[in-house]
1. To the nearest 10 Å², what's Leu49's accessible area with a 1.4 Å probe?
2. Between the alpha-carbon centers of the stretch 161-176 and the stretch 61-129, tell me the distance in whole angstrom.
3. Helix 114-128: angle to the longest alpha-carbon principal axis of the chain, degrees 0 to 90, nearest 10?
4. If DNA, RNA and ligands are ignored and the probe is 1.4 Å, what is the ranking of His96, His56 by accessible area, most exposed first?
5. At 222 nm, what value in deg cm²/dmol follows for the chain if DSSP H runs of at least 4 each add -39500 (n - 2.57) and the sum is divided by all its residues, to the nearest 500?
6. Can you compute the radius of gyration and Dmax for the chain, using only the Cα atoms, both in Å?
7. For Ile84, what accessible area in Å² do you get when you roll a 1.4 Å probe over the heavy atoms of the protein chains, rounding to the nearest 10?
8. Along the positive direction of the dipole of the chain (beta-carbon charges: Lys, Arg +1; Asp, Glu -1; about the Cα centre), which of His70, Ala185, Pro130 reaches farthest?
Amino acid sequence: MTTDHLTTLHRKPDRGRTDRAELDAVLDAMLVGTLATVVDGEPWAVPMLYARHGDHILLHGSTGAGALRHVGAGAPAAFTVARIDGVVLADHLFDHSANYRSAVVRGNLEVVGEDEEWDALIALSERLVPGRPAEVVDMTRKDRAATLTLRLPIRDGRWIVKVRDAGAGPAGRDPSAWRGVVPLAEVWGDPVPETDLAPGVEAPASVQGLRGARS
């Protein structure tokens with residue numbers, strides 16, 4: 001059965017992106033996506049932290065999560081990400097819109113083997129908070145035994161990217177009404193230490209590096 005209908009934009013095809021570099025850029029701009037599959041005939045979806053590492057999307061969770069074991073065993077899945085970059089305000093409600101970036105990657109997840117798992121977990125941690133793994137103690141064998149690490153291969157013909165990055169366009173029904181774009185950005189705030197932190201313990205470089213940066 002062909003899946004072309006799943007990777008072809010039939011509405012607003014001009015918003016589609018076909019360059020793999022554009023997919024990577026969308027995936028690398030975000031931290032949370034949604035993994036979806038079907039478990040026992042019922043739809044299942046969960047938001048998850050992730051990282052793109054080369055030609056794979058890395059995910060991790062508890063070995064006790066049945067649905068993760070389900071996709072790890074080869075069940076087909078889809079992983080989606082989306083971000084609103086601004087609201088687009090026209091001179092009438094029908095043409096109001098949003099600027100956004102989104103991607104869907106479909107495929108079959110693989111369980112990362114023991115010989116590669118540590119490197120995958122480090123890569124995932126480095127993506128979320130660069131430099132943090134070097135500042136803290138390693139996971140114990142018990143920690144690692146409780147962690148299921150998965151990767152979703154990024155393969156040609158199994159992904160789709162959609163982007164809108166434009167203004168409101170020409171006046172439509174009310175030339176006197178304000179039209180334009182209101183941008184939206186996500187920015188890391190100031191670190192908030194735990195109240196029981198020992199006096200004099202300063203935030204390390206990895207934490208300081210996030211302050212004021214866009215996620």
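The values are calculated or read from the model by the stated rules, or taken from the named source; none is laboratory data. Small disclaimer: the values here were computed from a predicted structure and weren't measured. With ideal geometry, Cβ positions are generated from the backbone for all residues, glycine too; neighbour counts draw on all protein chains shown. The accessibility values were calculated without ligands, DNA or RNA, using every heavy atom of the protein model including side chains. Shrake-Rupley method; radii C 1.70, N 1.55, O 1.52, S 1.80 Å.
1. Probe radius 1.4 Å; accessible area of Leu49 about 80 Å².
2. With the stretch 161-176 and the stretch 61-129 each reduced to a Cα centre, they are spaced 29 Å.
3. 50
4. His96, His56
5. Mean residue ellipticity at 222 nm (helix-derived): -5500 deg cm²/dmol.
6. Both quantities, over Cα of the chain: 20.7, 66 Å.
7. 80
8. Towards the positive end, the residue furthest out is Ala185.
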